[in-house]
Amino acid sequence: MTIIPPATVAATMNTELDGRSTSVFLVLSGPGGTGKSTLITKWRKADPDIGYIKNITTRARRAPDPASGVDDDDFFEFVSRRRFREMVEGGEFAQWVNPQPGYYSGTPRQPLLDAIAAGTDLLFDYTPQLYLNLRRAFPEQVVGVFVAPPSLAALRDRLTARSSEAGDKLQLKFNMGVQDLSYVDMHDYHVTNHDLEETLTVLREILRSEKHRLARNPELLRLYETMKDGRQMLFYYDPAGRRISDIDGSGS
């Protein structure tokens, strides 16, 4: 028997139903000291195709972390405050923040637009403030994952152990981390970082799932739209209780 396709699908019988997902900007958000930079470093080494856009910052460069191997040069471009102001006035940032006196940080806009044009996925290491700013600028691409420490005591210990801040700056960093917790509910996912490898596995699964979200595949949605028959309906009402008995025409 030869199957004759309905007219709605005759022209698309050989069209592949894969589509092409739009870019995902996966933001690892949360307090400093939860392991976000380490997770991104490990992910990028395992998957060189995933993108990362360096933040532009005015803060001083830190020495590489001997424990995690995280190097500031992999995450930031360092500029003067004068140059940063020029970039702000020129509209070069997708978002920028001033988290501490004299410290400015921002994400350049053009590399994000280039990533969208190429369909490239990007990773970000952000605080909730930066995440929310980026989500406002790119709502269709941004997915927020709040990366939490096992406990606030663990966060305190991690901040102390990494030795990048001391004294009042260390206390300020911890206080900022506590305030970050107020924005957990504005994220799409929550991951507690007990173990780096386990957390990385979860993050990769989140990205994989987001790539299959139908809303991120407009080409595929448009294709399926052409296959619809507008005359077809869904039925579930049976107020007379006759739908089953009418199957064989017995009416009983």
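The values are calculated or read from the model by the stated rules, or taken from the named source; none is laboratory data. What you see is a predicted model; the values in this text were computed from it and never measured. In this analysis, Cβ positions are derived from the backbone assuming ideal geometry, glycine residues included, and neighbour counts consider all displayed protein chains. Accessible surface is based on the protein model in full, side chains and every heavy atom, while ligands, DNA and RNA are left aside. Shrake-Rupley method; radii C 1.70, N 1.55, O 1.52, S 1.80 Å.
Under the condition of being part of a loop (DSSP other than H, G, I, E, B) and either farther than 18 Å from Met227 by Cα or in contact (Cβ under 8 Å) with a residue 12 or more places away in the chain (or both), the residues counted in segment 9-26 number 10. Where strands (runs of 3 or more DSSP E) sit wholly within segment 84-145, those with at least 2 residues that are hydrophobic (A, V, I, L, M, F, W, C) and either within 22 Å of Met186 (Cα to Cα) or touching a Phe, Trp or Tyr at 6+ places or on another chain (Cβ under 8 Å) (or both) occupy 93-100, 122-126.
If you go through segment 211-235 and pick out every residue that is open to solvent by less than 100 Å² (accessible area, probe 1.4 Å), within 16 Å of Pro6 (Cα to Cα) and not in a helix (DSSP H, G or I), you end up with 3. Counting the residues of segment 72-111 that are touching a Lys or Arg at 6+ places or on another chain (Cβ under 7 Å), crowded, with 17+ Cβ neighbours inside 10 Å and more than 19 Å from Pro31 (Cβ to Cβ) gives 3. For segment 187-232, the set of residues classified as within 18 Å of Leu134 (Cα to Cα) and out of contact with any strand residue (DSSP E or B) (no Cβ under 7 Å at 6 or more places or on another chain) consists of Arg216 only. Val147: closer than 28 Å to Ala63 by Cβ, among the hydrophobic types (A, V, I, L, M, F, W, C) and open to solvent by less than 50 Å² (accessible area, probe 1.4 Å), yes or no? Yes: the conditions hold for Val147. Do the conditions hold for Asp180, that is, is it closer than 12 Å to Gly30 by Cβ and of a type in the set (Asp, Glu)? So Asp180 passes the test.
Residues that are among the hydrophobic types (A, V, I, L, M, F, W, C) and either open to solvent by 30 Å² or more (accessible area, probe 1.4 Å) or closer than 15 Å to Glu198 by Cα (or both) within segment 29-52 comprise Leu39, Ile40, Trp43, Ala46, listed in sequence order. Summed over segment 122-153, residues that are over 17 Å from Leu28 (Cβ atoms) and at pLDDT below 90 total 3.
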